[in-house]
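The values are calculated or read from the model by the stated rules, or taken from the named source; none is laboratory data. Not measured: the values here are computed from a predicted model. Don't worry about glycine lacking a Cβ; one is built from the backbone with ideal geometry, like all the others, and counts go over all protein chains shown. Side chains are part of the model used for accessible areas, which takes the heavy atoms of the whole protein and leaves out ligands, DNA and RNA. Shrake-Rupley method; radii C 1.70, N 1.55, O 1.52, S 1.80 Å.
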Amino acid sequence: CGNNESGDIKYNINATINNANITTLYGGGNNANDNITTNLTINNSHFNEIYGGGRAADVDNVIISIKDSVVDSNIYGGGYEGHVSGNVSLSIESGTFNKNIYGGGYAGTVGSTNVSIIDNGIILINGNVFGGGEGQKATVKTTTDVIIDLDLNLSATETKFTSDTISGKSEVNVTILD
C-alpha cells in the first residue's frame, strides 16, 4: 500500500480490502520511509501474511481491522524490519488464523501496541497471540495491551492463554473477557 523504494509519501493510507486473495500485504512502503498512518480494513479475504507497517520502511502509526478472513501464516501489526514510531492497533473480529498474531513487527521497533480480539463471528486461532513482535530486534517502547473477548466456554484447565502465549516486550496489560 505504501511507497516503493526511494519515494516519499506524506499522506495517510486508508485501504479497504474486500474479497481479495493476496500473498503478502504491507501497509507501509518497500525500502522507503513513509511519515504516515496506515489504516487497513480487511474483509472476507485470504492472505498468506500481513504486515501493517512497511518492508524495511518506517511509518508513524498502524491501524488494522480484520473480519471474516483467512491468514495462512503470521500477522504482524508492525513491519518487516521496519519501525512504527507511534501506536499499532490490531483488531480482529472473525476469521481463521493459522499461525501467530503479533502486535509488533518482525525485527522492528514499535512505540506501543494494542491487540484486540473480539468475538463478533467465528474466530479460529491455530497459533499464539503476542502483544510484541518476533525476533531479537523486535521491541515495544512503551505499553502492550492485549484484550481477548471470546466466547470460550472452556474450563480453567482447558484455557491455554498464558504469559508465554500473550506477551510483550514492555509494560504488558492482558485482559481476557468471557
Any residue in the range 38-54 that is under 15 Å from THR139 (Cα atoms) and not charged (D, E, K, R)? yes
Is it the case that the range 70-80 has a residue that's closer than 19 Å to THR24 by Cβ, open to solvent by 10 Å² or more (accessible area, probe 1.4 Å), under 11 Å from the mean Cα position of the chain (by Cα) and of a type in the set (Gly, Ala, Ser)? no
Inspect all residues belonging to the range 14-24 and state whether any of them is under 25 Å from ASN126 (Cβ atoms) and under 12 Å from the mean Cα position of the chain (by Cα). no
Just to verify a result, which residue in the range 108-132, among those that are of a type in the set (A, V, I, L, M) and more than 16 Å from SER85 (Cβ to Cβ), is surrounded by the most Cβ atoms within 10 Å (Cβ to Cβ)? VAL115
The lone condition SER94 fails out of (1) closer than 17 Å to LYS67 by Cα; (2) of a type in the set (S, T, N, Q); (3) open to solvent by 10 Å² or more (accessible area, probe 1.4 Å) is (3)
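Output the residues belonging to the range 34-52 that are open to solvent by 50 Å² or more (accessible area, probe 1.4 Å) and either touching a helix residue (DSSP H, G or I) at 6+ places or on another chain (Cβ under 8 Å) or in contact (Cβ under 8 Å) with a residue 40 or more places away in the chain (or both).
Passing the criteria: none in range.
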Given the criteria part of a loop (DSSP other than H, G, I, E, B) and closer than 22 Å to LEU25 by Cβ, does GLY111 qualify? no
Considering the range 133-155 alone, what residues qualify as being open to solvent by 60 Å² or more (accessible area, probe 1.4 Å) and of a type in the set (D, E, K, R)? LYS137, LYS141, ASP151
